1. Taking accessible area as the heavy-atom solvent-accessible surface of the protein chains with a 1.4 Å probe, which residues of the stretch A:154-201 lose no less than 20 Å² upon going from the isolated chain to the full protein assembly?
2. Nearest 100 Å², what total accessible surface is buried between chain A and chain B (probe 1.4 Å)?
3. Please compute the alpha carbon radius of gyration of the protein assembly as shown, then divide it by the globular-protein estimate 2.2 N^0.38 Å. Two decimals is fine.
4. Summing Lys, Arg as +1 and Asp, Glu as -1, what charge do residues with Cβ under 13 Å from the Cβ of A:Leu13 carry, A:Leu13 excluded?
5. Quantify, in whole percent, the carbon and sulfur part of the accessible surface of the protein assembly as shown (1.4 Å probe; protein heavy atoms only).
6. Using R₀ = 30 Å, calculate the FRET efficiency as 1/(1 + (r/R₀)^6) where r is the Cβ-Cβ separation of B:Lys38 and A:Leu18; round to 0.05.
7. Taking a probe of 1.4 angstrom, what is the accessible area of A:Leu204 in Å², to the nearest 10?
8. Roll a 1.4 Å probe over the protein chains and send me the accessible area per residue for the stretch B:21-171 in Å².
Amino acid sequence: MLRAIYDWVDERLDITPLWRDVADHEVPEHVNPAHHFSAFIYCFGGLTFFVVVIQILSGMFLAMNYVPDIENAHRSVQYLQNEVAMGVIVRGMHHWGASVAIVMLFLHTLRVFFTGAYKHPREFNWVIGMLIFFVMLGLGFTGYLLPWDNKAYFATKVGVEIAGSVPVLGPYIATFLQGGDIVGAQTLARFYALHVFFLPAALLGLLGAHFILIRRQGISGPL
Amino acid sequence: MANNQEGNHKQVHYVGDSHVRADRSKLYPKDYDEFPGKTEPFLPNFLLKEWMVAVVFLVGFMTLVMAEEPPLGEFADPTNTSFLPVPDWYFLFLYQLLKHKWAAGDFVVVGTMIVPGIAFMALLFAPWLDRSKERRPLKRPVATGIMIITLVAISALTWAAEYEHEQQLLSAPGETPENTEIAAKDSKGYDIYAKNACIKCHGENLEGTNGPGLLGVGNKLSADEISKIIAEGRGTMPAGMFQGSPAEEKILVEWLTKQTQK
């Protein structure tokens, strides 16, 4: 029955090559933790992606209750955490997941660095990886403000002040981040938009490029 | 299109009027015998193994999530002047860098642009800075050495920032309990407290002025811990602020342990 459905679709759309290309590509022995335990260091990249998926899913559920407005942001997070079924788990996954994502990304970067995997011909993929790191830090910075508690507010204020002290460009960066002259209502709306639309879009685009390049070039050989 | 007319007589069939060819050859999985070592296909063989690693990771992660409730502080209050701002832990090293004299004030550009800029650019362009073909970390000591020094510096800065923040928290006024009535204010304990330097920082009503408030201190600290702080100081409080006799100190400590306001 399933086979018949698949054949019916495949005859019209020729979908087999699409997934076959992903499924059949070869994974060498030296990155396989089933053969060499120490190869778990090659899992950090996959685990980072796994945490990103957790962040996207938990973030989607958080957005069902969160209100990006200075009057209601804190209240909605409190409601979400104390009243909504499983709310504390979903927020916990997103909150701790943010830190774990940075840790995993850091470990993945160190693995690539110390195994010299960024060398010819994989220079470009390393650059894309660094941009992903930068976007992830941006996600961490913008997400920190959203609960609108004292910690969030003052950390953002200090962060914007630091960015504002950069010569020449500083005031423009500060105005761009704040959406005005102070950290306030417009800043929250702006950080929300950056956190859920702009930066995730950039992240997904960069991740796509990262994966296409690694698929095209194959993983670097054993040391 | 002249070539097609002459050479290729093979008829191409399509599915309906689409671009999908009707006479496609079947795709078979590759034969991995010819690959070196124990090479295997990505799906499902390898992905199942990687999923095992992910499951171990997920169990640890969910244990953390269930053990520690995500923190949510008080509603943001821009007029709060005593709140100690602290960024998320992965920004702490940058934050700490700016506390150094050579990276603050007139030289703030060193801390905001030059040091982080050089570090980030060096990282971004690492493939062009480290151009040798050698990949083993011990065979390229410059790259490995710089990275290890950077890691040590980041760890040290993060640790220093965390330590300083904790020290500041200990010395900050902190939150006032709902009940602000001093226990046994007419006793000798309060007289000793008022006679010594204590009252200058901890306040006439134990509310805390330059130092932390002492209302409810009896809930947090034992008598031994209090006398240790009196003798050795803590945070910004130096040692030897209390000038009274040991007998007076005993009365003072006993009186402080009675401050159990909530």
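The values are calculated or read from the model by the stated rules, or taken from the named source; none is laboratory data. If you're wondering where the values come from, they're calculated on a predicted model, not measured in any experiment. Glycine also receives a Cβ, built like all others from the backbone with ideal geometry; neighbour counts cover every protein chain displayed. These accessible areas exclude ligands, DNA and RNA; they are computed on the full protein's heavy atoms, side chains included. Shrake-Rupley method; radii C 1.70, N 1.55, O 1.52, S 1.80 Å.
1. Correct list: A:Phe154, A:Ala155, A:Val158, A:Ile162, A:Ser165, A:Val166, A:Pro167.
2. On the way: alone 14520 and 21230 Å², together 28640 Å².
Buried area (both sides, nearest 100 Å²): 7100 Å².
3. On the way: Rg = 30.1 Å, N = 485, 2.2 N^0.38 = 23.1 Å.
Normalised Rg, Cα atoms only: 1.31.
4. Details: positive: A:Arg12, B:Arg21, B:Arg24; negative: A:Asp7, A:Asp10, A:Glu11, A:Asp14.
Surrounding charge for A:Leu13 is -1.
5. Values: 18550 of 28640 Å².
Summing carbon and sulfur atoms, their accessible area is 65 percent of the total for the protein assembly as shown.
6. Values: r = 27 Å, r/R0 = 0.90.
Efficiency, rounded to the nearest 0.05: 0.65.
7. 100 Å²
8. Working: 10090 Å² over 151 residues.
Each residue of the stretch B:21-171 exposes 67 Å² on average to a 1.4 Å probe.
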